[in-house]
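Shown next, in structure tokens, is the structure this report addresses.
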């Protein structure tokens, strides 16, 4: 799906207010267990009035080894994880964004780390494959996603009755040019599994920066705690408004945060400080 032209029609004040939810998890190596946890938290979000619910990166599996996700990869359009997402969206009549799951890649020993979005009828409306692959080395910590993940190539956004949504995943957050390439959006959805080390230093700063510079809401869903593989993820799922104000936040552990997207607030910020109109590049 191609990004729209950079006009501000997407900031319409005629759109309805809507409640959105970020699901925070501490996923395990067991897909069935993680899907049950996700189902419980989705139901909690719906009970809180959320019309859009988003899950974190790697919600179906945080394996003992990076190769574990390759073993549970699904072909595009088929598999228990995708069936779960479609049926959950349809059952609850919500927009559901499935943080990320492993889909088959061209390389036989790698996967695409893919974020899938579904409408309230359970139909898939968007697929984004993570473009930027995390690499980090500090002391005993060492991560190299490119060893088991094949990079995506295209930015993806999609339209909803409450505005345009842009997709990205975790490490993408550090690359502001990705968000500019999306065009004008009303909501950026950012599932993640930031490490505690990098998250403590940069997570909140980067999220608020993306909200401020794009003058839009940011919904960030995180893995949040100590995993069975020994990895510690930072958590701190958030909803942030277009001025960079944190509306809702959960620090650690499984849970749900809920907040409201207000189109009048979006229009007010863009009118008072028309940075999007002032761009020359």
Residue count for region 110-125, restricted to those that are within 15 Å of residue 166 (Cβ to Cβ) and buried (at least 19 other Cβ atoms within 10 Å of the Cβ): 3
Residue check, residue 60 in contact with a helix residue (DSSP H, G or I) (Cβ under 8 Å, 6 or more places away or on another chain), part of a strand (DSSP E or B) and surrounded by 18 or more Cβ atoms within 10 Å (Cβ to Cβ): no
Identity of the residue in region 126-145, surrounded by fewer than 17 Cβ atoms within 10 Å (Cβ to Cβ) and not in a strand (DSSP E or B), that ends up modelled with the lowest pLDDT: 140
Wholly enclosed strands (runs of 3 or more DSSP E) of region 154-273 bearing at least 2 residues touching a helix residue (DSSP H, G or I) at 6+ places or on another chain (Cβ under 8 Å): 163-167, 187-192, 217-222, 237-240, 255-261
Tabulated pairs, region 14-28, first at positive phi and in contact (Cβ under 8 Å) with a residue 40 or more places away in the chain, second surrounded by 24 or more Cβ atoms within 10 Å (Cβ to Cβ) and in a loop (DSSP other than H, G, I, E, B), C-beta under 7 angstrom, 6+ apart or interchain: none
Matching residues in region 215-230 - criterion: being surrounded by 17 or more Cβ atoms within 10 Å (Cβ to Cβ) and over 16 Å from the mean Cα position of the chain (by Cα): 215, 225, 227
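The values are calculated or read from the model by the stated rules, or taken from the named source; none is laboratory data. Note that this is a predicted model, so its numbers are computed, not measured. Counting neighbours? That spans all protein chains shown, and the Cβs are built from the backbone with ideal geometry, glycine included.
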